[in-house]
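Q: To start, I am sharing the structure in question, which I have written as structure tokens.
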Amino acid sequence: MTGPFSEATFLSTLQRRLHRRTLPPHVRVGIGDDAAVMRLAPGHELIVSTDMLVEGVDFRWRWASFADVGSKGAAINLSDLAAMGAAAHGRLASVAVPAETAAADLLVLLRALDRFGRRHGAPLVGGDLSGTAGPLVLSVTALGSLPAGTALRRGGGAVGDVVLVSGTLGRAAAGLAGLEAGATALPPALRRAQLRPA
């Protein structure tokens, strides 16, 4: 990783930048210790989901920014919790970073991930940072909860159920196809659906 930060200095900077604002009351310990500590309400189950974004597979720098990657990493992860009916509480992010990555760019990625999560009650509370000779890899784990026995599972659907979706089906795929093809006049809604999903 290029730039003025050693890993220890970078993590200290990240902790100061992300935790300047007060953490939600359910987060007792965030970034900076051996593990995060969060409170769960009695009678609730822990819900955990992990997603990975790999440079060259899930995004390309020619059309994605570091903020885009952080935002998307948070969104796709939290959507899994929402699909099961869970409330989100926090996220862990592990990043394998190529040596040529600027510390300032990595900070932009992680701040975008944290900002998106905070809007949904799930700040960045920990993770891991490592170097790699290959492409940048971001792995995000979302932590949430719901009342015991109430998880909405894929196998639980039945005839007559109402199916809800957010946004327009196919819009993100159309955005990806346009970005991959190098479209110069890609409609903003398609670009947003792929790079900054809500």
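Q: Accessible area of region 26-136 with a 1.4 Å probe: how many percent of it is carbon plus sulfur?
A: On the way: 2680 of 4990 Å².
Solvent-exposed carbon and sulfur of region 26-136 make up 54 percent of the total.
Q: Starting from 0.36 nm per residue, how many nanometres of slack lie between L169 and A82 once their C-alpha separation is accounted for? The partial results should precede the final answer.
A: Values: separation 87, 0.36 × 87 = 31.32 nm, distance 1.71 nm.
Roughly 29.6 nm would be gained on extension.
Q: Among V140, Q194, A103, whose Cα lies farthest out toward the positive end of the dipole of the chain, if unit charges sit on the beta carbon of Lys, Arg (+1) and Asp, Glu (-1)?
A: Of the listed residues, the answer is Q194.
Q: Expressed in nm to one decimal, what extension gain is obtained for the pair Q15 and A177 from 0.36 nm per residue of sequence separation less their Cα-Cα distance? Working shown, then result.
A: Working: separation 162, 0.36 × 162 = 58.32 nm, distance 3.69 nm.
Fully extending the segment from Q15 to A177 adds 54.6 nm.
Q: Also, quick follow-up: Can you tell me how the chain classifies by the Cα gyration tensor, rounded, prolate or oblate, using a/c under 1.5 as the rounded cut? Mind dumping the intermediate values first?
A: Values: a/c = 2.17, a/b = 1.08, b/c = 2.02.
Oblate.
Q: Is region 12-92 rounded, prolate or oblate when judged by the Cα gyration tensor, a ≥ b ≥ c being the square roots of its eigenvalues, rounded requiring a/c under 1.5 and prolate requiring a/b larger than b/c? Mind showing how you got there, number by number?
A: Values: a/c = 2.57, a/b = 1.33, b/c = 1.93.
In terms of gyration-tensor shape, oblate.
Q: Sorted by packing (mean other beta-carbon atoms within 10 Å per residue), highest first, where do 123-132, 143-152, 110-119 land? Could you put the intermediate results ahead of the total?
A: Details: 123-132: 18.4, 143-152: 15.5, 110-119: 21.1.
Packing proxy ranking, top to bottom: 110-119, 123-132, 143-152.
Q: Over region 48-136, average the accessible area per residue using a 1.4 Å probe and give it in Å², no decimals. Show your work: numbers first, answer last.
A: On the way: 3450 Å² over 89 residues.
On a per-residue basis, 39 Å².
Q: Run the helix sum for the chain: -39,500 (n - 2.57) per DSSP H stretch of 4+ residues, divided by residue count, reported at 222 nm to the nearest 500 deg cm²/dmol. Write out the running numbers ahead of the final one.
A: Numbers: 5 runs with 64 residues, N = 198.
-10000 deg cm²/dmol, from helical runs alone.
Q: What are the principal axis extents of the Cα atoms in region 111-198, in Å, biggest first?
A: 46, 37, 25
Q: Multiply the residue separation of A198 and A151 by 0.36 nm, subtract the distance between their alpha-carbon atoms, and state the gained length in nm to one decimal. Kindly include the intermediate steps, with their values, before the conclusion.
A: Values: separation 47, 0.36 × 47 = 16.92 nm, distance 2.18 nm.
Extra length available between A198 and A151 comes to 14.7 nm.
The values are calculated or read from the model by the stated rules, or taken from the named source; none is laboratory data. Just so you know, these numbers come straight off a predicted model, no measurement behind them. Please note: Cβ atoms are built from the backbone with ideal geometry, for glycine as well, and neighbour counts cover all protein chains shown. The area values use the complete protein model at the heavy-atom level, side chains included, leaving out ligands, DNA and RNA. Shrake-Rupley method; radii C 1.70, N 1.55, O 1.52, S 1.80 Å.
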